[in-house]
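Following: one structure in structure tokens, then a few remarks.
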Amino acid sequence: MIPVSAGVPAEIAVPAMPDDDRLWVQQAEGVWFRPLMLNTVTGQWCNLLKVTRAGIVSRHRHPSAVFGYVIKGKWQYDEHEWVAETGSFVYEPPGEIHTLRVPEDCTEMITFFNISGAMIYVDEAGNQTGYEDTFTKIQLCRDHYGANGLGADYVDQFIR
Ligand code: FE
């Protein structure tokens, strides 16, 4: 084997869909995420988003590109005509502002997202109401895993 340079971070290879439901971290009513990679150097993070209710999930702006792959169910952005369904790939360009909605005939959607920088939450006028980044995600995981028995440091395996 060719030796790997010192300082190269460890790889991550895990079943994306967890056997243990405790891995899903709640971020809002009916909205959950499962962390896969939380990068504190580049600000990128990868996670599964699970929504178990219909309706608006959030309205947000992306400063950087987002890549998604729908694993289960379907969802749409009110600003666009298309519906992302099971098996769909989605590219969200930087600068996009959109309102994520799960349609009434979908009881559960799960989507892989690769996000960089931040999710900037906005109101109907486009004013910022909140944000998330890799660090707020890490903190949510620490709080959730600390409280449910996995231990706050369970998230460390996903941090790079
Ligand atoms: Fe988005």
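What follows is calculated from the coordinates using simple rules that are stated; it is not laboratory data. Predicted model only: the values in this text are computed from it and were never measured. For neighbour counting, all protein chains shown are included, and Cβ atoms are generated from backbone atoms with ideal geometry for every residue, glycine included.
Cβ under 11 Å from residue 108's Cβ, residue 108 left aside: what net charge do those residues give with Lys, Arg +1 and Asp, Glu -1?
Numbers: positive: 50, 53, 72, 74; negative: none.
Net charge in that neighbourhood comes out at +4.
Starting from 0.36 nm per residue, how many nanometres of slack lie between residue 150 and residue 89 once their C-alpha separation is accounted for?
Details: separation 61, 0.36 × 61 = 21.96 nm, distance 3.21 nm.
Contour length minus Cα-Cα distance gives 18.8 nm.
Averaging sequence separations of C-alpha pairs under 8 Å and six or more residues apart, then dividing by the length of the chain, give the relative contact order as a whole percent.
For the chain, the relative contact order is 26 percent.
In whole Hz and in residue order, list the ³J(HN,Hα) couplings for region 61-67 that follow from phi through the Karplus curve 6.51 cos²θ - 1.76 cosθ + 1.60, θ = phi - 60°; x for Gly and Pro.
Couplings: 10, 10, x, 9, 5, 10, 10 Hz.
Relative contact order for region 81-160 using alpha-carbon pairs under 8 Å, separation at least 6, rounded to a whole percent? Intermediate values should be presented prior to the final figure.
Numbers: 42 pairs, mean separation 10.5, N = 80.
Normalised by residue count, the contact order of region 81-160 is 13 percent.
Sorted by average packing, counted as other Cβ atoms within 10 angstrom per residue and highest first, what order do 85-97, 148-160 take?
On the way: 85-97: 12.7, 148-160: 15.2.
The packing order, highest mean first, is 148-160, 85-97.
Step through the residues of region 96-111 one at a time and calculate ³J(HN,Hα) from phi using the Karplus curve (6.51 cos²θ - 1.76 cosθ + 1.60, θ = phi - 60°), rounding each to whole Hz and writing x for Gly and Pro.
4, 10, 8, 10, 7, 9, 9, x, 4, 8, 10, 9, 7, 10, 10, 9
Suppose each label sits 7 Å from its Cα in the direction of the beta carbon; what would the residue 125-residue 72 distance come out to in nanometres?
Between residue 125 and residue 72, the simple spin-label model gives 4.0 nm.
Which loop trypsin sites (Lys or Arg not before Pro) in region 12-61, with loop taken from DSSP, have no more than 16 other Cβ atoms within 10 angstrom of their Cβ? Could the numbers behind the result be given before it?
Working: sites: 22, 50, 53, 59, 61; in loops: 53.
The qualifying sites are 53.
Measure nothing fancy, just the Cα-based angle from helix 134-148's long axis to the longest principal axis of the chain, in degrees from 0 to 90, nearest 10.
80 degrees
What order do you get for 120-128, 29-37 when each peptide is scored by the mean count of other beta carbon atoms within 10 Å, highest first?
The most tightly packed comes first, giving 29-37, 120-128.
Which of the three applies to region 74-149, rounded, prolate or oblate, going by the alpha-carbon gyration tensor with a ≥ b ≥ c and a/c under 1.5 meaning rounded?
Values: a/c = 1.88, a/b = 1.29, b/c = 1.45.
Since a/c reaches 1.5 but b/c is at least a/b, the shape of region 74-149 is classed as oblate.
Counting only C-alpha contacts under 8 Å and six or more residues apart, can you give the relative contact order of region 1-86 as a whole percent? Mind showing how you got there, number by number?
Values: 68 pairs, mean separation 12.9, N = 86.
The value is 15 percent.
How about residue 137: which lysines have a C-alpha closer than 17 Å to its C-alpha, ignoring those fewer than 8 places off in the same chain?
The reachable lysines, counting only those whose Cα sits under 17 Å from residue 137, are 50.
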